[in-house]
1. Which net charge results for the neighbourhood of LEU211, defined as the other residues with beta-carbon distances under 12 angstrom from its beta-carbon, given Lys and Arg at +1 and Asp and Glu at -1?
2. Figure the gain on full extension for ASN216 and ASP316 (residue separation times 0.36 nm, minus the Cα-Cα span) and round it to one decimal in nm.
3. Which residues' amide hydrogens lie under 5 Å from the amide hydrogen of GLU167, considering only partners 5 or more residues apart or on another chain, with H built in the peptide plane?
4. What are the residues whose amide H is under 5 Å from the amide H of LEU292, where those residues sit 5 or more places off or on another chain and H is modelled from the backbone?
5. What order, most packed first, do the peptides 161-168, 199-206 have when packing is the mean number of other Cβ atoms within 10 Å of each residue?
6. Rounded, prolate or oblate: which fits the range 105-262 when a ≥ b ≥ c are the square roots of the eigenvalues of the alpha-carbon gyration tensor, with rounded for a/c under 1.5 and prolate only if a/b beats b/c?
7. Name the residues of the range 244-276 whose amide N is less than 13 Å from a point 7 angstrom out from the Cα of ASP202 along the C-beta direction?
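Throughout, read-outs are computed from the coordinates displayed, never taken from laboratory work. The shown structure was predicted, so the numbers you read here are calculated from the model rather than taken from an experiment. Counting neighbours? That spans all protein chains shown, and the Cβs are built from the backbone with ideal geometry, glycine included.
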Amino acid sequence: MSDRTTDEANQGAGNDRNAETADPTGVTRADGTATAATPGGQPAAPSDAPGMSRRRAMACLAWAGAGILWTLDGGVPRGVSFGTQALAATDAPAGNALSFVQISDSHIGFNKAPNPDPASTLQSAIDRIRSAPQRPAFMLHTGDVSHLSRPAEFDTAQQIVTGAGLETHYVPGEHDVIGDDGRAFFARFSPDTRGLGWYSFDQNGVHFVALVNVLNLKAGGMGYLGDTQLAWLANDLKGRSHSTPLVVFTHMPLWTVYPAWGWGTDDGDRALALLRPFGSVTVLNGHIHQVLQKVEGNVRMQTAMSTAFPQPAPGDGPGPGPKQVDPAQLRQTLGIRRVDFTALDGTPLLADTTLAS
């Protein structure tokens, strides 16, 4: 069991055009170029094989739509997907390694196209996680557990997620805090936070921080952390060795992905300023239902796909919302990404599988 902490005594207290959208049919290399994937999910051999700098290598992390198995070995994240033969062949991490899972945006209660039954796709994701040969230590859910914050939706989601047999740490999405500022969500999914929702815990030498950026939002606006939570974060990090690996998880991106759609956090830069002194920082979120990544020095930020439905790429169309796909193709949009990162100076391989495979 991990050790959650909150700090009651301290409660009072830009844009980047280089974000990358991953193509689930191919392989994205660390230099931002894309190569075609072979039928077996492995990348075609590139015509050039340049060396990789440490900064570029650290940018290449693992993420997946239905579930992301994160492996931290010596503070360096690696990722593997679920339900594949390739996973079974992956060498187990050495030493004091830590593996965990991220899922996001299950939207239980959504009942329209392209997925009128998001409970079934969430169940598929949980089945893959449960059957993974390499069992993770715990799971993160990065928000929008429900679609309308109804007790029955929370009940269904909790029952399905519990089937993974893993301790699960939650943060809310904006769909989880409708009408009551998240009181029902916090009481059920993060009761130890005294209704505040943010918390931290340590496991295997890694410090995890859960942030809430979906309260007090303006219509169509970006996420918001607020002075009280930022003061708590500063106090939580105070005195920690900068060599401690950090994993921060929240719902909306901390960086500005696309402000016209509210894809970002207004005061995210203040949180990132507190994180930058640390040598290894991984920031995980959901909300935009697709894989994007950004690297700023030692801070690596990446989003995950939804287990319910995709959304359009930033700026592709009039606004955010469920992207309509053929029902027969839906599970191909709810994919799992595998990343093999075996050396800081090597080129990591990114290969995607899907819930349709």
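1. -1
2. Full-extension gain reported as 33.3 nm.
3. So GLU167 has HN proximity to MET139.
4. Amide H to amide H, under 5 Å and 5 or more residues apart or across chains, LEU292 pairs with THR303.
5. The densest-packed peptide leads the list: 199-206, 161-168.
6. Oblate, because a/c is 1.5 or more while a/b does not exceed b/c.
7. Label zone hits: 244-246.
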